[in-house]
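Comments concern the structure below.
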């Protein structure tokens, strides 16, 4: 939530204590930027004998920021109130580590002198996994996170997973009304904000599901009609075979075989083409899943099962027909 109101100034520790005392809040932190946007890119960083000046996303946070937003460390540790020296420490993400090129980053020193003005030398305390803050379709910006004890404009509240949002919001609002009574209770949920970034993909997914269902329904109706037509065309043959001792199972196999062969041939063409098109589509995204061949195997088996279920009704119906009646009708 945004804490731009002057009334929040100097109230962070009081808010943190009171909110945690409600029993519905797991952790609280402040930062100078929203977690769903990437802002504040700065240069002027140097380390070892590097001669280039890359730009990093710089973020200022309080001690509990990592616990609140769910940092995942790959190396080192988080900021801690037990170490006052952490005010001259920093945490970097994996993208920043890639630029720095340090084999053992923890304990390394980074100097920040934007515009030639020396702001300090900072020790790397830890490395965290990249977090998507800006666009989910672009690479994560290399980020450097600084510890700050100043008032900042964004307050993050992590609600306990066992508590309902309705109950938590009611108690949080009561605490804010007591400590900052005239400040607006302007909040938003991070998961909803992130979800809004994927609206287009969600819409495409729903449409794809709808049209896939329609295509499946039309295909089944077509198969059912074709199976009915074939069974009717072969009524005399089925009757003669039954008189000659053919079983229902053998007749079912005879009538279903051609459809199974067609499905297997179609899968042989469709699976490689689908795999290529899906890989090409996923290649547009910076963060993407991988396609397992199991998906296509299961889909192929599913197509066979649906085909057999659709065709079997007419095949078994024709196989169970009285052969004398079939021959008389011919």
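The values are calculated or read from the model by the stated rules, or taken from the named source; none is laboratory data. Computed from a predicted structure; not experimentally measured. Cβ sites come from the backbone with ideal geometry, for glycine too, and all protein chains shown count toward neighbours.
There is at least one residue in region 129-136 that is modelled with pLDDT under 90, more than 22 Å from residue 158 (Cβ to Cβ) and out of contact with any helix residue (DSSP H, G or I) (no Cβ under 9 Å at 6 or more places or on another chain).
Mind checking whether some residue in region 72-87 is assigned to a helix (DSSP H, G or I), without any contact (Cβ under 8 Å) to a residue 40 or more places away in the chain and on the phi < 0 side of the Ramachandran plot? Step through it out loud before you land on a result.
Initially, region 72-87 is screened for residues assigned to a helix (DSSP H, G or I), giving 84-87.
Pick out the ones that are also without any contact (Cβ under 8 Å) to a residue 40 or more places away in the chain and you get 84-85.
Those still in the list that are on the phi < 0 side of the Ramachandran plot too: 84-85.
Checked region 72-87: at least one residue is assigned to a helix (DSSP H, G or I), without any contact (Cβ under 8 Å) to a residue 40 or more places away in the chain and on the phi < 0 side of the Ramachandran plot.
For region 143-156, the condition holds for no residue, the condition being that it is in contact with a helix residue (DSSP H, G or I) (Cβ under 6 Å, 6 or more places away or on another chain), within 24 Å of residue 61 (Cβ to Cβ) and in a loop (DSSP other than H, G, I, E, B). The C-beta contact set for region 199-222 (first residue closer than 26 Å to residue 259 by Cβ and assigned by TED's automatic domain parsing to the domain that holds residue 282, second residue at pLDDT below 85 and in a helix (DSSP H, G or I), distance under 6 angstrom, 6+ apart or interchain) comprises 220/310. All conditions but one from (1) surrounded by 12 or more Cβ atoms within 10 Å (Cβ to Cβ); (2) modelled with pLDDT of 90 or more; (3) farther than 20 Å from residue 28 by Cβ; (4) out of contact with any strand residue (DSSP E or B) (no Cβ under 6 Å at 6 or more places or on another chain) apply to residue 102; the one that does not is (2). Does region 170-183 include one or more residues that are closer than 30 Å to residue 44 by Cα, modelled with pLDDT under 85 and either assigned by TED's automatic domain parsing to the domain that holds residue 71 or in contact with a helix residue (DSSP H, G or I) (Cβ under 8 Å, 6 or more places away or on another chain) (or both)? Looking through region 170-183, none of the residues is closer than 30 Å to residue 44 by Cα, modelled with pLDDT under 85 and either assigned by TED's automatic domain parsing to the domain that holds residue 71 or in contact with a helix residue (DSSP H, G or I) (Cβ under 8 Å, 6 or more places away or on another chain) (or both). Taking the conditions (1) outside any loop (DSSP other than H, G, I, E, B); (2) touching a residue at least 60 places away in the same chain (Cβ under 8 Å); (3) more than 17 Å from residue 118 (Cα to Cα); (4) within 32 Å of the chain's Cα centre (by Cα) in turn, residue 33 satisfies each one other than (1).
In region 111-126, which residues are under 15 Å from residue 53 (Cα atoms) and either in a helix (DSSP H, G or I) or modelled with pLDDT of 90 or more (or both)? Explain how you work it out, then say what you get.
Quick first cut of region 111-126, residues under 15 Å from residue 53 (Cα atoms) only: 111-118.
Scanning region 111-126 gives 114, 115, 116.
On inspection, residue 75 fails the criterion of being assigned by TED's automatic domain parsing to the domain that holds residue 123, within 23 Å of residue 104 (Cα to Cα) and exposed (fewer than 13 other Cβ atoms within 10 Å of the Cβ).
Take residue 281 and tell me if it is exposed (fewer than 15 other Cβ atoms within 10 Å of the Cβ) and assigned to a helix (DSSP H, G or I). When the stated conditions are applied, residue 281 passes them. The residues of region 170-185 that are under 18 Å from residue 8 (Cβ atoms) and assigned to a helix (DSSP H, G or I), listed by number, are 172, 173, 174, 175, 176, 177, 178, 179.
Could you go through region 91-102 and let me know if any residue there is out of contact with any helix residue (DSSP H, G or I) (no Cβ under 6 Å at 6 or more places or on another chain) and either in a loop (DSSP other than H, G, I, E, B) or not assigned by TED's automatic domain parsing to the domain that holds residue 181 (or both).
Within region 91-102, the first condition is being out of contact with any helix residue (DSSP H, G or I) (no Cβ under 6 Å at 6 or more places or on another chain), and the residues that meet it are 91-102.
Okay, now just the ones that are also either in a loop (DSSP other than H, G, I, E, B) or not assigned by TED's automatic domain parsing to the domain that holds residue 181 (or both), so 101-102.
Yes - at least one qualifying residue is present in region 91-102.
Is it true that residue 40 is on the phi > 0 side of the Ramachandran plot, without any contact (Cβ under 8 Å) to a residue 40 or more places away in the chain and surrounded by fewer than 16 Cβ atoms within 10 Å (Cβ to Cβ)?
Values: on the phi > 0 side of the Ramachandran plot: yes; without any contact (Cβ under 8 Å) to a residue 40 or more places away in the chain: yes; surrounded by fewer than 16 Cβ atoms within 10 Å (Cβ to Cβ): yes.
Answer is yes for this residue.
Between 191, 186, the distinction of being loosely packed, with under 11 Cβ neighbours inside 10 Å, closer than 30 Å to residue 17 by Cβ and in contact (Cβ under 8 Å) with a residue 60 or more places away in the chain belongs to 186 only.
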